[in-house]
1. In contact with a helix residue (DSSP H, G or I) (Cβ under 6 Å, 6 or more places away or on another chain) and closer than 20 Å to I109 by Cα: which single residue out of I179, I186, I153 fits that description?
2. Can you tell me which residue within the stretch 106-141, out of those that are among the small types (G, A, S) and in contact with a strand residue (DSSP E or B) (Cβ under 8 Å, 6 or more places away or on another chain), is surrounded by the fewest Cβ atoms within 10 Å (Cβ to Cβ)?
3. If you check E146 against the conditions, is it assigned to a helix (DSSP H, G or I), at pLDDT below 90 and more than 16 Å from I31 (Cβ to Cβ)?
4. Would you mind finding the one in I144, I153, I148 that is under 15 Å from the mean Cα position of the chain (by Cα), in contact (Cβ under 8 Å) with a residue 12 or more places away in the chain, over 18 Å from T42 (Cβ atoms) and buried (at least 17 other Cβ atoms within 10 Å of the Cβ)?
5. Return only the number of the condition from (1) out of contact with any Ser or Thr (no Cβ under 7 Å at 6 or more places or on another chain); (2) closer than 26 Å to L169 by Cβ; (3) buried (at least 16 other Cβ atoms within 10 Å of the Cβ) that Q82 does not satisfy.
6. Across the stretch 33-52, what is the total count of residues that are closer than 12 Å to N160 by Cβ and either in a helix (DSSP H, G or I) or among the small types (G, A, S) (or both)?
7. Tell me which of these N160 doesn't satisfy, since it passes every other one: (1) within 13 Å of the chain's Cα centre (by Cα); (2) within 19 Å of I31 (Cα to Cα); (3) of a type in the set (S, T, N, Q); (4) modelled with pLDDT under 90.
8. Looking at this structure, is T106 more than 30 Å from V175 (Cβ to Cβ) and at pLDDT 90 or above?
Amino acid sequence: MKTIYILVLAVLVVSCTKVEDVNGINDKKVIDAIKAMSKLGTSEYTLSKVLAGEDSQWYTIGSRKIIIQCKAYLITGIDASQIQFTDVNPKEKKIKLTIPPVEILTFNIPPNHIKTISLDVGFFRNKFSSKERQQFETIAESKIKEQIKELNIVAETEKNAKIFLESILRSSGFVSIEIQSSPSKI
C-alpha cells in the first residue's frame, strides 16, 4: 500500500510541475524525479496454491494426508534508481532509456491465509507437527513463485512500467521516447 502512495505522489509531483528551461525541457530535473521514485511497483497480484502431502511409509501402520491452501500477495516492479538514460536530447525532445529487470518488491503470505483444507491421520499415526506444516508452507511458497513465470507477470510488469514512464516523460515535454527492457532475473 505504501508503494501505491509513493507512485501517486511521484505522478503528481512530475505532472504538476512542468520542468522547462531556456531550451524547452529541463531533462536533469525529470531524470532526478524519476530516479527519486526508487522502487516503482507497477503490478499487484493475489496468487493461490493448493498443496497436497502424504506420509505413508512401508514401516508405519496407517497414513497421514494433508491438503493446504496458501494465498500470497505480491507486488512486482522495477528499481527506478537503476534506470539507464542512454540518449537524452531535450532540444529535439528525444529520450532513450533502459529499465532494469523486473523484481518482486513485496511477497507476503499472511498466516491467516494458510488454511488446512483436509487432514486425514490414521489411528496409529501422529498428527503433522508444526515443523512439518512449516515445510509444506515453504514448498507452497516456492510453488507460488514458480507460478510467476507461468502467468506472464514479468511481461505485464514491464508493460505497466513502460506505460507509466512514457506518461511521465510525455507530460514533461518529451515527444520521441524509446524504452528498452533488461532481461528479467525472475
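1. I186
2. Applying the filter and picking the extreme gives S118.
3. yes
4. One residue alone meets the criteria, I144.
5. Just one mismatch for Q82, condition (3).
6. Count: 2.
7. Only one criterion in (1) within 13 Å of the chain's Cα centre (by Cα); (2) within 19 Å of I31 (Cα to Cα); (3) of a type in the set (S, T, N, Q); (4) modelled with pLDDT under 90 is unmet by N160, namely (4).
8. It is true that T106 is more than 30 Å from V175 (Cβ to Cβ) and at pLDDT 90 or above.
The values are calculated or read from the model by the stated rules, or taken from the named source; none is laboratory data. All of these numbers come straight from a predicted model, not from anything done at the bench. Virtual Cβ from ideal backbone geometry, glycine too; neighbours counted across all protein chains shown.
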